[in-house]
Structure formats: structure tokens, C-alpha cells
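Accompanying notes for the structure given below.
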Amino acid sequence: MLRLLSSLLLVALASGCGKPVYHPSTRVVNGEDAVPYSWPWQISLQYEKNGAFHHTCGGSLIAPDWVMTAGHCVSSSMTYQVVLGEYDRGQKEGPEQVIPINAEDLFVHPLWNPNCVACGNDIALIKLSRSAQLGDTVQLACLPPAGDLLPNDAPCYISGWGRLYTGGPLPDKLQQALLPVVDYEHCSKWDWWGSSVKKTMVCAGGDIRSGCNGDSGGPLSCPSADGSWQVHGVTSFVSAFGCNTLKKPTVFTRVSAFNDWITEVRSRAGPRGQG
């Protein structure tokens, strides 16, 4: 198993966020099994139906008691739980932490319009009913500085349990794919996404690598200069013509456009006691 443990990163773990103990693979891929626990801020958001919970979206652990996901992933009429430390959804592997979500602890951006995904603001925060226990397999995501923009072709990774192809099955094991950033200048061209993409979004990938249904809400993780990873995007939408469509890269909510809102929601909701 590709668990490449770094003693240096064990030391670095104490410094905060975005430094996995288990190194992500760095191959160019069309989607592959991720190295177990190499995206330790990745969560599975699950909804309850007929007494069982089912994966619906991804998300990122941004504080011990806060998860960031997409606005279109949550509904006040549903019951949710968050699973941390997940890798193979088909097995109970040991590191999983299953945390229930209270209905009043769903915070969707006030300008999110479910009838207009291209209008933007597809972001939500979820307050956990108890704090996550951090360790090798569960860590916090780093967020980029406010207003930070990635250059064209910056090497970022999408991760999630979304469909392997349009209309295809959901995988048991966490998947990852290298999605180079497509800057706004390119992504907003008329034969690409045109006016559907806004400056508060990030485009990444292309016609052979993309997100798909079930990846929504999950992170677009990008390396930073200090060697840590930052979550620059929240997976938002793909083309109606299919997950892998030429000139229709996966579109993400740009996290650095929402730093103020994230801070405001967390401060308004107050701290969570250790559970």
C-alpha cells in the first residue's frame, strides 16, 4: 500500500494545516485511487434516507468543528452526518469519525440561488456537533489568503467519491485527479464557459480530467510555496453535456473570494465545546 510516511511531516503536523502525513501521489492522472489519508481534510457528507446514510457530497475540514462544502449540497429538510478519516467507503477501516449534524448548524451563503448555479456563491459551512479529533488521518485544510488568484496551469488536485464517469458508478475508494487551473481569461471565452463563469470562481481541468456527480463540495487542493496545500476551490458544477467535455473545465467556488464570509459565519455561530 502506498503509505509514504514522512518523519519530517510528522513534526510539521504540529504547525497547523495542509501538510498530510501520507504524501499524495504526483502522477498526471485521468483519475486514480488516492493514497490513503493523503487528503486528510477531505470529508464525506452523507444524508439519511430510510434509516441509512448515503454519500452525497464532499467537503473540507477547515477547523476542528467546521466543514466547508457547496451550497447546493445541503438542504434544511434533510438529516446529515459528516464522516472524517474516510478512505474506502466499503469498509470500516478504523480511522473514521462519524459526526452528526444539527439542522440549525447548516450555513448556506445568503446569495446562493439553487435555480442559478452559474450566478455563483455556491458555498456553505457546516458546524459539527462535536469537534474532530485531529491526527495522522484527519487534519485541517489551509485556506488561501483573501483575494488570492492562481496562475494559469497551476497544478491542483480534485479529490472525492464522485462518479467515475458520466452516469457511472460511485467508487468505494477516494479518487484524485490532477486538474491544472484554467485562468479566468481563458475560461470565460465565448466557446469555453463564457459568461457562466464568474470572477468568484476557479476553473480547472479540461476534456480528460474533471469532477463528476458526487464530487460536489469537495476540495480543489493546490500546493503553496511553503510546501503545504491550500484549498482554493469548492467543487461546484460541470457541463450538462457530461463530466468530461472539451473546453468545459470543472468549475469551483473560489475560496479566496469568501474569506470574510467564512470568518463572519464562524464568529457569529460561536465556538463549539469539545465533544
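Condition first: assigned to a loop (DSSP other than H, G, I, E, B) and modelled with pLDDT of 90 or more. Can you find one or more residues in the range 174-187 that meet it? Yes, some residue in the range 174-187 is assigned to a loop (DSSP other than H, G, I, E, B) and modelled with pLDDT of 90 or more. Selection of the range 214-249 for residues being touching a Cys at 6+ places or on another chain (Cβ under 7 Å) and under 17 Å from S195 (Cα atoms) yields V238, P249. The residues of the range 8-29 that are touching a Lys or Arg at 6+ places or on another chain (Cβ under 6 Å) and at pLDDT 50 or above amount to a single one, Y22. Any idea which residue in the range 72-128 is surrounded by the most Cβ atoms within 10 Å (Cβ to Cβ), counting only those that are charged (D, E, K, R) and touching a His at 6+ places or on another chain (Cβ under 8 Å)? Only one residue tops the list, namely D122.
Can you say whether G217 is modelled with pLDDT of 90 or more, touching a strand residue (DSSP E or B) at 6+ places or on another chain (Cβ under 7 Å) and assigned to a loop (DSSP other than H, G, I, E, B), as far as the supplied structure shows? Answer is yes for this residue. Quick one: in the range 265-275, which of the residues that are part of a helix (DSSP H, G or I) and loosely packed, with under 12 Cβ neighbours inside 10 Å is modelled with the highest pLDDT? Per the criteria, the residue is S267. The condition of being part of a loop (DSSP other than H, G, I, E, B) and at negative phi holds for L111. Tell me yes or no: at least one residue of the range 197-209 is touching a residue at least 24 places away in the same chain (Cβ under 8 Å), of a type in the set (D, E, K, R) and exposed (fewer than 15 other Cβ atoms within 10 Å of the Cβ). Yes, some residue in the range 197-209 is touching a residue at least 24 places away in the same chain (Cβ under 8 Å), of a type in the set (D, E, K, R) and exposed (fewer than 15 other Cβ atoms within 10 Å of the Cβ).
Being crowded, with 16+ Cβ neighbours inside 10 Å, of a type in the set (D, E, K, R) and at pLDDT 95 or above is a property that does not hold for D33.
Residue-level analysis places S224 among those that are modelled with pLDDT of 90 or more, out of contact with any Ser or Thr (no Cβ under 7 Å at 6 or more places or on another chain) and under 30 Å from E96 (Cβ atoms). Please go through the range 118-130 and pick out each residue that is more than 16 Å from F258 (Cβ to Cβ) and under 19 Å from the mean Cα position of the chain (by Cα). Across the range 118-130, the qualifying residues are A118, K127, L128. Of all the listed residues (M68, M78), the sole one being part of a loop (DSSP other than H, G, I, E, B) and more than 18 Å from T137 (Cβ to Cβ) is M78. For the residues S131, S188, the requirement of being under 24 Å from T253 (Cβ atoms) and surrounded by 15 or more Cβ atoms within 10 Å (Cβ to Cβ) singles out S188. Return the residues of the range 129-174 that are basic (K, R) and closer than 16 Å to T235 by Cα; say none if nothing qualifies. If the condition is that a residue be basic (K, R) and closer than 16 Å to T235 by Cα, then R163 is the only one that fits. Of all residues in the range 191-213, those satisfying the criterion of being farther than 15 Å from L246 by Cα, modelled with pLDDT of 75 or more and in contact with a Cys (Cβ under 9 Å, 6 or more places away or on another chain) are V197, K198, M201, V202. In this entry, L149 passes the filter for residues that are out of contact with any Pro (no Cβ under 9 Å at 6 or more places or on another chain), among the hydrophobic types (A, V, I, L, M, F, W, C), over 17 Å from S60 (Cα atoms) and assigned to a loop (DSSP other than H, G, I, E, B).
Of all residues in the range 133-149, those that are over 16 Å from K199 (Cα atoms) have Cβ atoms under 6 Å from Cβ atoms of residues that are aliphatic (A, V, I, L, M) and assigned to a loop (DSSP other than H, G, I, E, B), 6 or more apart or on another chain, in D136/V21; V138/A132.
The values are calculated or read from the model by the stated rules, or taken from the named source; none is laboratory data. All values reported here derive from a predicted model rather than from experimental measurement. Positions of Cβ are backbone-derived with ideal geometry, glycine not excepted, and every protein chain shown enters the neighbour counts.
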